[in-house]
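Beneath this line is the structure, given in structure tokens, with notes to follow.
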Amino acid sequence: MQSVSDTVNDLGDDPGVDPAGGRGSGLSREQRAKLPPFAALRAFEAVGALGGIRRAAVELAVDHAAISRHLRTLEQWTGTALVERGAGRGGRLTPQGLIYYRHVMRALAELANATSDLQFQGSDTHLRIWCMPGLASQWLVGRIGGFQASYPDLGLEVQPSEVLPDFDAQQADAWVHYVIDGQVPTLPDRLRSVTVARPRILAVAAPSYLAAAPVVDRPADLLRHTLLHEANANQWRRWLGCLDVEAPTDLRGPRFWQGHLTLGAARQGQGIALANPLLVLDDLAEGRLVEVGGWEPIFLGSYWFTARADGWRGRAIGNFRDWLVRHLASVAPA
């Protein structure tokens with residue numbers, strides 16, 4: 001008759017038992033005993049991939065002495081010299097180290113991929129969106145309730161940001177950002193992007209400002225007005241150039257650094273701002289702002305939707321992307 005301890009050993013210690021209840025191919029006790037510390041393997045892989053101890057230390061954000069300690073631990077564990085020592089060597093792998101590196105790299109890559117797949121299963125229940133501040137405050141927050149109503153089980157988080165999130169650190173699942181024509185960013189290969197809107201750029205002002213300011217009959221007349229800028233005058237300069245107006249090098253006007261602040265000043269009658277219909281749709285409809293001039297449509301850039309390629313077809317990301325494109329199409333089709 002089996003004892004309780006024998007039964008536990010049969011179920012929990014047998015290397016052929018799958019934790020899910022079936023027969024698996026788990027590691028034996030001997031194999032587990034031979035596994036080196038994970039931190040040492042991680043340091044060794046970085047040294048092999050980057051070609052040096054100091055480079056690995058920068059990549060892993062640790063002191064180079066810590067990398068050296070991990071390498072010594074791994075060499076003691078394996079009983080083999082894995083890294084060449086001496087002046088000018090810089091952490092170059094020995095022939096045995098190179099063979100071992102290839103095995104370690106493949107194993108860690110498989111572990112990283114499996115972890116990534118698991119993380120993106122979780123992303124189907126919670127969606128974190130980083131979005132350009134202007135688009136987030138002037139358009140997205142007033143309309144995203146419709147998306148939430150369609151997916152009430154989905155946790156939703158919106159953060160205004162102009163900078164690329166760290167997708168590897170799970171800062172965000174998707175990033176909606178503006179790309180100026182001719183300034184396409186270089187994004188990591190693991191990310192995927194699609195253009196979701198290409199809005200025209202128009203000049204807008206409050207009726208109270210225009211009532212007390214010089215009449216604008218031609219694009220060049222704008223140079224006699226107070227022009228409201230974001231970080232610099234480049235947007236106004238490009239926009240005027242599209243209308244064959246050469247702006248002076250010292251194009252004046254207050255700077256507000258972000259588009260929604262510039263529009264706030266325009267609503268208060270402080271001058272004329274540049275915006276796209278997505279940012280001023282409600283203002284135009286309710287008369288807080290009016291378009292200045294009725295010239296040819298001018299396009300200076302597009303909104304992009306960026307997410308990790310391995311999560312591109314996930315339920316949450318895919319549904320939000322489709323919703324975004326569908327609702328932007330009526331105002332600013334890509």
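Laboratory data are not the source of any read-out in this text; all were calculated from the coordinates shown. Source: prediction; values computed, not measured. Cβ coordinates were reconstructed from backbone atoms using ideal geometry, including for glycine residues, and neighbour counts include every protein chain displayed.
Cβ crowding within 10 Å ranks HIS103, HIS260, HIS229 as HIS103, HIS260, HIS229, fewest other Cβ atoms first. Rounded to 0.05, the FRET efficiency of the ARG32 and LEU210 pair, given R0 = 56 Å and the Cβ-Cβ distance, is 0.15. The gain in end-to-end length when the ARG200 to GLU286 segment is fully stretched comes to 29.0 nm, 0.36 nm per residue minus the alpha carbon separation.
Between HIS103 and ALA329, the distance separating the two model label sites (each 7 Å from Cα on the Cα→Cβ line) works out to 5.4 nm.
For the chain, the longest principal axis of the Cα atoms and the long axis of helix 38-50 meet at an angle of about 60 degrees.
Each residue of region 260-271 was assigned a 3J(HN,Hα) from its phi angle through the Karplus expression (A = 6.51, B = -1.76, C = 1.60, θ = phi - 60°), giving 5, 6, 4, 5, x, 5, 5, 4, 8, x, 8, x Hz with x at Gly and Pro. Which residues in region 264-279 place their backbone N less than 13 Å from a point set 7 Å from the Cα of TRP295 along the Cα-to-Cβ direction? Correct set: 274.
When THR115, THR73 are arranged by Cβ crowding within 10 Å, least crowded first, meaning fewest neighbours, the order is THR115, THR73. Out of the DSSP beta bridges found with both residues in the chain, what percent are antiparallel (nearest 5)? Counting only bridges with both partners in the chain, antiparallel ones make up about 65 percent.
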